[in-house]
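Presented below is the structure to which this report refers.
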Amino acid sequence: MKRYGTLIAAALCGVTLDCTVFAEWNIFGAKPWLLLAVALAACAVLDVQSAILTGLVGGLMIDALCNSYIGLTAACYLVSIAALWVLIRKNHPKLLILGLYAAFVTVLPAPIEWLYSYLAGAHYGTGSTFLAEVLPSAVLTGLCVLPLCKLFDWAKKSHRDRI
């Protein structure tokens, strides 16, 4: 029960920070996607069902709160969760490799967002956006996955395992 409480608290913090602080503030052009980091850490440490539920509900909340296309963020998060699950389902990589995997799968939804935006009428250069925004944000999100994995691993252990 403690692990789901930790997951819910981390997801609410991720949605709140994504919609308020990181909607306006960035680190040299990079904005971490904290809810995606929470969902990827849940996929790696807890189970894929929790990660899918977190990504779906949290993505829809971000879409509703931040006035973006409804369902786009949730769909992009589900693509990243599914890709990470495919990469780690047979083996359990070390924490740094998991961070690299998380950074890699964070880049995958960018073409979906570009296609959806293009079909909706927005026209902008994708190459400069990828190098200036998506790639640094993916690296920052991959780095955010590392402490979240440690947090979920701590929450998953029972009191008896820690004694």
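Answer yes or no as to whether Leu17 is in a helix (DSSP H, G or I), within 16 Å of the chain's Cα centre (by Cα), on the phi < 0 side of the Ramachandran plot and exposed (fewer than 15 other Cβ atoms within 10 Å of the Cβ). When the stated conditions are applied, Leu17 does not pass them.
Could you tell me how many of the residues in the range 34-84 are crowded, with 23+ Cβ neighbours inside 10 Å and among the hydroxyl-bearing types (Ser, Thr, Tyr)? Within the range 34-84, residues that are crowded, with 23+ Cβ neighbours inside 10 Å and among the hydroxyl-bearing types (Ser, Thr, Tyr) number 4. If you check Leu100 against the conditions, is it part of a helix (DSSP H, G or I), without any contact (Cβ under 8 Å) to a residue 24 or more places away in the chain and surrounded by fewer than 22 Cβ atoms within 10 Å (Cβ to Cβ)? The answer is no for Leu100. Residue check: is Leu84 out of contact with any Cys (no Cβ under 9 Å at 6 or more places or on another chain), of a type outside the set (S, T, N, Q) and in a helix (DSSP H, G or I)? No, not satisfied.
Read-outs: derived from the displayed coordinates by stated rules, not from any lab. Just so it is clear, the structure is predicted and the values come from calculations on it, not from any experiment. All Cβ positions, even for glycine, are placed from backbone atoms using ideal geometry, and neighbour counts span all protein chains on display.
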